[in-house]
């Protein structure tokens, strides 16, 4: 009888390999678990996570994947982990653009401009070159704000995820070394 046509019995669970994994399990946990079980160091994974997150919030639309790929390649980091994190921080990417603009304005001592993200996104998609010309100072402020914040954000992420990764690595290695009965 095909799997999909079998009647389900209350309390019965599917075989572990048949369980459908959730979004976070597929996109975040599993790629990191795979790297830990393949011998990639905790430090390399932590740096890959930080690079994916920091590059993923780079405040220029349409550049985060290329930037993540380039930095991960240059640092010889794991691409799947960095790209998975880059993908997952996309909502932060959009939300942090105004923060980086304001921070950059503060760093330059510039007067804050008034803006609204939705019309700016539309203007950017309609005429990218006109948009860049009109907002070139804001663009510079935004990137400068990101450049100033990025090392601190990366360091914080590395400090936060390293203990979690070490714990996961220990659990995974203890599962490998337990004799099967």
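Given the criteria more than 18 Å from residue 64 (Cβ to Cβ) and either at pLDDT below 90 or outside any helix (DSSP H, G or I) (or both), does residue 163 qualify? It is false that residue 163 is more than 18 Å from residue 64 (Cβ to Cβ) and either at pLDDT below 90 or outside any helix (DSSP H, G or I) (or both).
Go through the range 51-155 and tell me which helices (runs of 4 or more DSSP H), entirely inside it, have 3 or more residues that are closer than 21 Å to residue 32 by Cα and touching a helix residue (DSSP H, G or I) at 6+ places or on another chain (Cβ under 6 Å). Per the criteria, 64-74, 79-88.
Would you be able to say whether some residue in the range 5-14 is surrounded by fewer than 17 Cβ atoms within 10 Å (Cβ to Cβ), at pLDDT below 80 and in contact with a helix residue (DSSP H, G or I) (Cβ under 6 Å, 6 or more places away or on another chain)?
First, the residues of the range 5-14 that are surrounded by fewer than 17 Cβ atoms within 10 Å (Cβ to Cβ): 5-14.
So of that shortlist, the ones also at pLDDT below 80 come out as 5-14.
The next check asks that each one be in contact with a helix residue (DSSP H, G or I) (Cβ under 6 Å, 6 or more places away or on another chain); those that pass are none.
Scanning the range 5-14, I find no residue that is surrounded by fewer than 17 Cβ atoms within 10 Å (Cβ to Cβ), at pLDDT below 80 and in contact with a helix residue (DSSP H, G or I) (Cβ under 6 Å, 6 or more places away or on another chain), so the answer is no.
Does residue 122 satisfy the condition of being within 18 Å of residue 63 (Cβ to Cβ) and surrounded by fewer than 17 Cβ atoms within 10 Å (Cβ to Cβ)? Give the steps one after another, and end with the answer.
Working: within 18 Å of residue 63 (Cβ to Cβ): no; surrounded by fewer than 17 Cβ atoms within 10 Å (Cβ to Cβ): yes.
Considered against the rule, which asks whether it is within 18 Å of residue 63 (Cβ to Cβ) and surrounded by fewer than 17 Cβ atoms within 10 Å (Cβ to Cβ), residue 122 comes out as no.
Has the range 89-106 got any residue that is under 27 Å from residue 40 (Cβ atoms), surrounded by 17 or more Cβ atoms within 10 Å (Cβ to Cβ) and out of contact with any strand residue (DSSP E or B) (no Cβ under 9 Å at 6 or more places or on another chain)? Checked against the condition, which is being under 27 Å from residue 40 (Cβ atoms), surrounded by 17 or more Cβ atoms within 10 Å (Cβ to Cβ) and out of contact with any strand residue (DSSP E or B) (no Cβ under 9 Å at 6 or more places or on another chain), the range 89-106 yields at least one hit.
The values are calculated or read from the model by the stated rules, or taken from the named source; none is laboratory data. Owing to the predicted nature of the structure, the values given are computational and were not obtained by experimental measurement. Every residue, glycine among them, receives a Cβ derived from its backbone with ideal geometry; neighbour counts consider all protein chains shown.
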